[in-house]
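The values are calculated or read from the model by the stated rules, or taken from the named source; none is laboratory data. The model shown is predicted, which means the values in this text are computed figures rather than measured ones. All Cβ positions, even for glycine, are placed from backbone atoms using ideal geometry, and neighbour counts span all protein chains on display. The area values use the complete protein model at the heavy-atom level, side chains included, leaving out ligands, DNA and RNA. Shrake-Rupley method; radii C 1.70, N 1.55, O 1.52, S 1.80 Å.
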Amino acid sequence: MIIKKFQANTETEAILLAKEELGKDAIVMNIKTISPKGIYKLFRKPLVEITAAMDEAVPSAVEKKETMNEKISFNSGFKNNPNILYEKDDLLLKNDLFQNRSEVRQDTSAIENKLNNLQKLLEQQLVDKANDEIVPEKTAEEDKNLSFIQLIYNQLIRNEVDEKYVNQILGEIENKLKKDATLDNVLASVYQKIILKLGQPKTIDLEEGKVKFIFFIGPTGVGKTTTIAKIASFLKLNKKAKVALLTADTYRIAAVEQLRTYANILGIPMKVVYSEDEIIEAKNEFSDYDVVLIDTAGRSHKSTEQRDDAARLINSIDEEMREVYLVLSATTKYKDLIRITECYSEITNYRLIFTKLDETISIGNIFNIKMLTNADLSYTTCGQNVPDDITKIDTQETAKKLLGGND
Ligand SMILES: Nc1nc2c(ncn2[C@@H]2O[C@H](COP(=O)(O)OP(=O)(O)OP(=O)(O)O)[C@@H](O)[C@H]2O)c(=O)[nH]1
Ligand SMILES: [Mg+2]
């Protein structure tokens, strides 16, 4: 007899796993719920573990035939077992997932045999179960810590932080908490963790006597051009930098005109580049500038051809002379953000800009994407006004919002 344990989220899934591995004649002998231990018990669902057995000498399905007697014999073995963990009807029901009632075995001696083994196994499992349940009694303080953690867990989930990252953070602080921690202590620990994970933001860093080429890439309509205008204005007016604009977005006249309008208002040069050669020309032309901001067409990240174009464009400038900012809208669905960032990661390293924070109350995605890509965060934008609605990301504020709820 082969006896194996199978774990899954539900009983049915576990049974199907058993059936897949042991065959449809496998018999469910025990079903046990495994509750996660420690902190995980707050937010991980219990697993179901079934113990299934398969008699190697079981007759093939062809030899099987339903008879009432067999059913009785099959059930009565269990009835006599004082350790039975579930009712006989339950067992038949579970067994029905493996085989039709009509396929109950003909060979009663094989069944009796199985039942004997089963009884031993059930006894063993009861011992195991009892051992599992001997856990040290929790102190009131530990319970209190857990309830604080539960509150914080709920808050982060409400703000759409990916559950796996929530678990990661809470798991990391759990062991370090003092037994008599207050809610403030717990919050402070989580807050610090979040700040650490968000990392030090990196924004455009001008170097005296060296020109920097700054690329803005990202999906359509996220606010690349508007963000460039905001940054250009800041660098020119606040930092007194010598700024030029380039656009490689040659697909739409309106896009070129949009950037030209901003360039005119700011009184800075603007050029359209159609090829890598023209970028190299621009590199020479603007070599005595502090910074050249390059707008790109927001085209589909799904198209390899378009991604290759973007990669070529970016690579036409040496790595030490360039910075790349991936512009993402905070309103984009998490699943899409994952795909977008993965696609762009294939072509270049980047820093992250999140736009349209004014249009969403949940900022969990900023944290999620930071964790996923490990790219540096840089700016956030919070409105359509050029030049005001942009700031270097405030990680403290972000952490507070993640923990403190929505306005
Ligand atoms: N609410 C809000 N709207 C913004 C923000 N940033 C940009 N927008 C708006 O988003 C729209 C698209 O902005 P663009 O700058 O043209 O976006 P883009 O990424 O250059 O678009 P494509 O060039 O078409 O790929 C415009 O209406 C902007 O005013 C922001 O922070 N908040
Ligand atoms: Mg644009």
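Computed over protein heavy atoms with a 1.4 Å probe, the carbon and sulfur contribution to the accessible area of the range 140-198 reaches 51%.
How about the range 335-390: which GluC sites (Glu not before Pro) there are in a DSSP loop, with at most 13 other Cβ atoms within 10 Å of their Cβ? For GluC sites (Glu not before Pro) across the range 335-390 that sit outside H, G, I, E and B with at most 13 neighbouring Cβ atoms in 10 Å, the list reads 346. Averaging 1/r over every pair of different alpha carbons in the range 129-276 and inverting the result gives a Kirkwood radius of 20.2 Å. For the range 238-360, the Kirkwood hydrodynamic radius comes to 15.7 Å, computed from all pairs of different C-alpha atoms. Applying 1/(1 + (r/R0)^6) with R0 = 41 Å to the Cβ-Cβ distance of residue 150 and residue 306 gives a FRET efficiency near 0.35.
Largest first, the residues 177, 328 sort by 1.4 Å accessible area into 177, 328. In nanometres, what is the gap between the two model label sites at residue 251 and residue 265, each 7 Å from Cα along Cα-to-Cβ? If labels sit at residue 251 and residue 265, their model points lie 2.5 nm apart. Residue pairs exceeding 30 angstrom between C-alpha atoms, taken from 210/230; 193/356; 45/144; 178/392; 5/179; 45/202: 178/392; 5/179; 45/202. Within the range 195-228, none of the trypsin sites (Lys or Arg not before Pro) combine a DSSP coil assignment with at most 10 other C-beta atoms in a 10 angstrom radius.
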